[in-house]
Amino acid sequence: VAVFDVATQRITGHALYSQIEAHKAYGGVVPEIASRSQLEKIEVVVRQALDNAQTTIDQIDTIAVTNRPGLVGSLLVGVCFAKGIAFAKRKRLIGVDHLEGHMFSAFLTADGSVNQQLQFPFIAFSASGGHTALYLVTGFGSYQMIGHTLDDAAGEAFDKIAKIIGLGYPGGAAIERLATEAGLQDFFQYPRTKTMPGDFISFSVIAALTPQLQQEVSSSLLVCMGDIFSKSIKRALKRYPDATAVAFVGGVACNKYLRRRLQDVCDEHGKTFVVAPPAFCTDNGAMIAFVGSYKAQQGHFDDLELDVMKNT
Ligand code: KG4
Ligand code: ZN
């Protein structure tokens with residue numbers, strides 16, 4: 001949950017309750033545990049965000065809430081809570097697409113201000129546990145998908161392999177640590193994705209291999225992933241030469257090695273490379289508040305009929 005102040009164009013408060021501990025024992029997210037825990041914590045986290053922003057609910061004009069896509073139970077908790085406040089306190093309501101949130105998280109900086117360096121059009125490379133896609137972003141709220149994975153999401157490939165080689169859940173950060181220890185070398189030469197028509201990528205080929213050594217597998221996986229990411233961005237820049245920048249977003253964008261690989265491609269092509277601080281790469285309220293702020297300025301509001309998994 002986060003508070004965005006339109007007057008100063010800043011995230012003024014930000015709070016997060018992580019459920020990783022609750023899901024660890026199961027090796028992945030259990031939907032029922034997720035929504036039950038959200039129901040328990042949502043009020044406390046909203047209060048924390050308001051306290052951090054040194055404000056109260058009465059000072060808030062508009063409530064933006066993620067209503068799509070995702071686990072239905074979790075989305076319902078958020079949407080019902082937001083509708084409750086909107087109805088009781090006479091606030092305006094805006095449903096936000098989670099993936100649009102990730103895309104525009106590239107504008108968020110560590111002190112909560114908006115990154116002025118990022119200019120339209122830019123290419124957003126969005127990689128998380130649930131999705132991996134490229135977008136051409138042409139304005140606030142204007143974008144088109146220009147490529148996507150044909151199978152697993154990049155984070156999903158990290159998480160699956162981490163589970164097989166005994167690193168627990170979630171796997172991305174652990175794989176990065178071991179890969180760094182192994183010197184980021186390619187020990188196994190996993191097959192790289194073949195060039196396919198359009199901007200498609202594929203990670204299933206690496207997810208299917210059974211590993212021997214944790215460090216070497218982690219290292220080879222990361223180098224392989226880096227090659228696929230670079231190739232895919234190079235192809236996108238060739239097809240969309242007007243793009244001024246590449247924004248790397250989503251939980252996988254926490255990865256320092258992959259950041260460096262994409263930074264290198266941008267340096268070669270004379271493009272700006274933008275990545276948000278880690279707290280705004282993994283799922284967070286700030287990106288949803290930011291999208292809500294420009295939608296409010298554009299007059300895109302929803303009413304109390306707002307539903308989960310439906311476009312607004
Ligand atoms: O955006 P996010 O918090 O949630 C989704 O919308 O999925 O992304 C979570 C994903 C997980 O798959 C996790 O393994 C991955 O981001 N991740 C990383 C790193 N930190 C988190 N992947 C690679 N390297 C990391 N350092
Ligand atoms: Zn996400």
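The values are calculated or read from the model by the stated rules, or taken from the named source; none is laboratory data. Since the structure is predicted, the reported quantities are computational estimates derived from the model, not experimental observations. All Cβ positions, even for glycine, are placed from backbone atoms using ideal geometry, and neighbour counts span all protein chains on display.
What about Phe104, is it within 16 Å of ligand 1 (Cβ to nearest atom), part of a helix (DSSP H, G or I), aromatic (Phe, Trp, Tyr) and touching a strand residue (DSSP E or B) at 6+ places or on another chain (Cβ under 9 Å)?
Yes, satisfied.
Among the listed residues Glu21, Glu32, which satisfies the condition of being at pLDDT below 95, among the charged types (D, E, K, R), surrounded by fewer than 19 Cβ atoms within 10 Å (Cβ to Cβ) and within 23 Å of the chain's Cα centre (by Cα)?
Glu21
Counting only residues that are part of a loop (DSSP other than H, G, I, E, B) and over 21 Å from Ala2 (Cβ atoms), which one in the range 110-139 is nearest to ligand 2 (Cβ to nearest atom)?
Step by step, filter the range 110-139, then rank; the result is His131.
Identify, please: which residue in the range 150-163 is of a type in the set (A, V, I, L, M) and more than 13 Å from ligand 2 (Cβ to nearest atom) and is, among those, nearest to the chain's Cα centre (by Cα)?
Ala157
Within 19 Å of Leu108 (Cα to Cα) and within 15 Å of ligand 1 (Cβ to nearest atom): does that describe Thr282?
For Thr282, the condition - within 19 Å of Leu108 (Cα to Cα) and within 15 Å of ligand 1 (Cβ to nearest atom) - is met.
Check the range 220-241 and report whether any residue there is on the phi > 0 side of the Ramachandran plot and over 16 Å from the mean Cα position of the chain (by Cα).
no
Please verify whether Gly168 is surrounded by fewer than 17 Cβ atoms within 10 Å (Cβ to Cβ), at pLDDT below 95, over 19 Å from Lys256 (Cα atoms) and out of contact with any Asp or Glu (no Cβ under 8 Å at 6 or more places or on another chain), treating the condition exactly as stated.
yes
Could you grab me the full set of residues in the range 140-149 that are of a type in the set (A, V, I, L, M, F, W, C) and either within 16 Å of ligand 2 (Cβ to nearest atom) or buried (at least 23 other Cβ atoms within 10 Å of the Cβ) (or both)?
Within the range 140-149, Met145 is the sole residue that qualifies.
Checking the conditions here, which among Arg68, Arg177, Arg92 is of a type in the set (D, E, K, R), surrounded by fewer than 20 Cβ atoms within 10 Å (Cβ to Cβ) and more than 16 Å from ligand 1 (Cβ to nearest atom)?
Arg92
Out of the residues in the range 246-257 meeting the condition of being of a type outside the set (Ser, Thr, Tyr) and away from ligand 2 (no atom under 16 Å from the Cβ), tell me which one is surrounded by the most Cβ atoms within 10 Å (Cβ to Cβ).
Val246
Leu237: more than 16 Å from ligand 1 (Cβ to nearest atom) and among the hydrophobic types (A, V, I, L, M, F, W, C), yes or no?
Yes; evaluated as a whole, the condition is true for this residue.
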